[in-house]
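What follows is a short report on a single structure.
The values are calculated or read from the model by the stated rules, or taken from the named source; none is laboratory data. Please read these numbers as outputs of a predicted model, since none were measured by experiment. Backbone-built Cβ (ideal geometry, glycine too); neighbour counts: all protein chains shown. Only protein heavy atoms, including side chains, enter the accessible area calculation; ligands, DNA and RNA are left aside. Shrake-Rupley method; radii C 1.70, N 1.55, O 1.52, S 1.80 Å.
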Amino acid sequence: MNLTEQRTACPVTHVQTIISGKWKILILWHLKQGTQRFGALQRLLPGISKGILTRQLRELEQDGMLLRKVYREVPIKVEYSLSDTGLSFLPILDAMAAWSMSHISESDQ
């Protein structure tokens, strides 16, 4: 089964491809709060290496989930924000957070 057939058989495959990766959902969660610079994202994600953060941001940009804006100054300033596609994913992200909170509450009982 090729990727197109797999996506037709299971439409969540496309979403899984976009958000796969240990840090992508957390990156999107932090960008939900607004535009962030690379260094700020790195501080918000303890344990992530510079290389992995760079790769995950590039993949999210390629998938149309975020925008990367480079300011031509020294040192170079780069900012990341959610694209319209990324913003359209926020209700799903919020539903995931609500489910998580509900599940945590249930498992504590």
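Data overview
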| quantity | calculated |
| --- | --- |
| The stretch 35-48, subset touching a Leu at 6+ places or on another chain (Cβ under 9 Å) and assigned to a loop (DSSP other than H, G, I, E, B), residue nearest to GLY86 (Cα to Cα) | THR35 |
| Failed criterion for VAL74 (all others in (1) hydrophobic (A, V, I, L, M, F, W, C); (2) assigned to a helix (DSSP H, G or I); (3) open to solvent by 60 Å² or more (accessible area, probe 1.4 Å) hold) | (2) |
| Members of the stretch 16-34 that are in a helix (DSSP H, G or I), farther than 16 Å from ARG68 by Cα and open to solvent by less than 60 Å² (accessible area, probe 1.4 Å) | ILE18, ILE19, ILE25 |
